[in-house]
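*Asks:* Below is one structure. I have some questions about it.
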Amino acid sequence: PLPSTPSKPTTKPSNHQTVKPSNPPGFERTFALQLHLDQANYSPGGLDGHWGTKSRHALTAWQLAHHLPPTGNPTDPTLPAALTATNNLFATHTVTPADHAALTAPAPGWREKSKRDRLGCTTLSELLSERYHLYEATLRHLNPDAPSWPNPPPGTILTVPAGIPSPPSQKTRLPPLSRLEIRLADHTLRAYAKDGTLAAQFPCSIAADKAKRPVDRTLHVRVWAENPEYTFDPALYADDPAAAAIGKRLRIPPGPNNPVGLAWIGLDLPGYGIHGTPSPEDITKTESHGCFRLTNWDALRLVHAVHKDLPVKILP
């Protein structure tokens, strides 16, 4: 079960003071470790306070980068205290009218999507989870008494992770990169700096069809964009009769609910790229048509660090 907190959100003004909700034993240390790894660009995916495969891979990468045994063990005695410090883990976010104004209505089909100016978040729960690198279920369980989920009204004070910068931020900016590595078995993407050090790691989804995975190949970055548009091609959706029946290409506008999320990095293999997703909870599941999916917040970090001809090695 996900953690809950008895603290009750209010609708009084807030100075965004640090708060500390009450959670089950072990939650805060795990959440702290996930948060510090995320801040260091070794992403566990969404912050949820539960130790799983994505968190283990993130810690392993951090240990490799810091020349420690790559155990992936959250209780490893070699971990520095700063990486598991539980002070100042949480802050508050006061819901504003601007938060509500940023929402867009759901677009249930491809034709409906193509008629919109932007495919933004459709609920406050989704918007704030994206902003604070959380899964929606975690945000709700941190704030069980918030009124009117999924859209708490303006003035509601919510408990959120502390220290999550809005990208692109100097705090999470990656150094100049020498190569990327996508490790299919681990569902991870690693970014290496010019000096060969492991600068970042992000969990990623890969192609569901093994035949569409370009194993043991080195691709190269050709183009990249933040807030990209997407071209819907019915030929790519032959397994979806409703989509295939549209019979023509459609322009899909940008936004976090665009099929490629908030960032696109095109590779020199036609149809292949690294991109964001409207469904961060699904990251690491083998679900794509061939591309490599990251959470939107991880894709935004990466898109600001790539350059033309950057090698992308696809490893088994």
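*Asks:* Do you know which residues across the stretch 130-161 are more than 18 Å from T30 (Cβ to Cβ) and under 15 Å from the mean Cα position of the chain (by Cα)?
*Replies:* Within the stretch 130-161, E130, R131, E136 meet the criteria.
*Asks:* Could you count how many residues in the stretch 175-185 are open to solvent by 50 Å² or more (accessible area, probe 1.4 Å) and either assigned to a strand (DSSP E or B) or in contact with a Leu (Cβ under 9 Å, 6 or more places away or on another chain) (or both)?
*Replies:* Residues flagged as open to solvent by 50 Å² or more (accessible area, probe 1.4 Å) and either assigned to a strand (DSSP E or B) or in contact with a Leu (Cβ under 9 Å, 6 or more places away or on another chain) (or both) within the stretch 175-185 amount to 3.
*Asks:* Considering each residue of the stretch 151-167, count those that are under 28 Å from H307 (Cβ atoms), open to solvent by 40 Å² or more (accessible area, probe 1.4 Å) and out of contact with any Leu (no Cβ under 7 Å at 6 or more places or on another chain), and give that number.
*Replies:* 1
*Asks:* Among the residues of the stretch 78-87, which ones are surrounded by fewer than 18 Cβ atoms within 10 Å (Cβ to Cβ) and assigned to a loop (DSSP other than H, G, I, E, B)?
*Replies:* Across the stretch 78-87, the qualifying residues are T78, P80, A85, T86, N87.
*Asks:* Shifting gears a bit: Name every residue in the stretch 112-150 that is over 16 Å from P256 (Cβ atoms) and open to solvent by 30 Å² or more (accessible area, probe 1.4 Å), in order of residue number.
*Replies:* The answer is E112, S114, K115, A137, R140, H141, P144, D145, P147, S148, W149.
*Asks:* Name the residue that is least open to solvent (accessible area, probe 1.4 Å), counting only residues in the stretch 246-260 that are part of a strand (DSSP E or B) and in contact with an Asp or Glu (Cβ under 7 Å, 6 or more places away or on another chain).
*Replies:* From the stretch 246-260, those part of a strand (DSSP E or B) are 250-252; that's our starting set.
Subsequent filtering for residues that are in contact with an Asp or Glu (Cβ under 7 Å, 6 or more places away or on another chain) retains 251-252.
Numbers: R251: 106, I252: 0 Å².
Step by step, filter the stretch 246-260, then rank; the result is I252.
*Asks:* Next question. Looking at T96, T75, can you tell me which residue is under 24 Å from A162 (Cβ atoms), surrounded by fewer than 15 Cβ atoms within 10 Å (Cβ to Cβ) and touching a residue at least 12 places away in the same chain (Cβ under 8 Å)?
*Replies:* Just a single option satisfies the conditions, and that option is T96.
*Asks:* Counting only residues that are of a type outside the set (S, T, N, Q) and open to solvent by 60 Å² or more (accessible area, probe 1.4 Å), how many does the stretch 55-72 have?
*Replies:* The qualifying residues number 6.
*Asks:* Among the listed residues A305, A243, identify the single one that is open to solvent by less than 70 Å² (accessible area, probe 1.4 Å) and either assigned to a loop (DSSP other than H, G, I, E, B) or under 19 Å from T172 (Cβ atoms) (or both).
*Replies:* Checking each option against the conditions leaves just A305.
*Asks:* Looking at (1) farther than 22 Å from K212 by Cα; (2) assigned to a strand (DSSP E or B), which is the one condition that is false for W264?
*Replies:* Condition (1) is where W264 drops out.
*Asks:* Residue check: is A225 open to solvent by 10 Å² or more (accessible area, probe 1.4 Å), more than 28 Å from T123 (Cα to Cα) and among the aliphatic types (A, V, I, L, M)? It would help to see each step written out before you state the result.
*Replies:* Details: open to solvent by 10 Å² or more (accessible area, probe 1.4 Å): yes; more than 28 Å from T123 (Cα to Cα): no; among the aliphatic types (A, V, I, L, M): yes.
So A225 fails the test.
The values are calculated or read from the model by the stated rules, or taken from the named source; none is laboratory data. Since the model is a prediction, treat every value here as computed from it, not as a measurement. Neighbour counts are summed over all protein chains in view; Cβ atoms, including those assigned to glycine, are modelled from backbone coordinates with ideal geometry. In case anyone asks, the SASA skips ligands and DNA or RNA and just uses the protein heavy atoms, side chains included. Shrake-Rupley method; radii C 1.70, N 1.55, O 1.52, S 1.80 Å.
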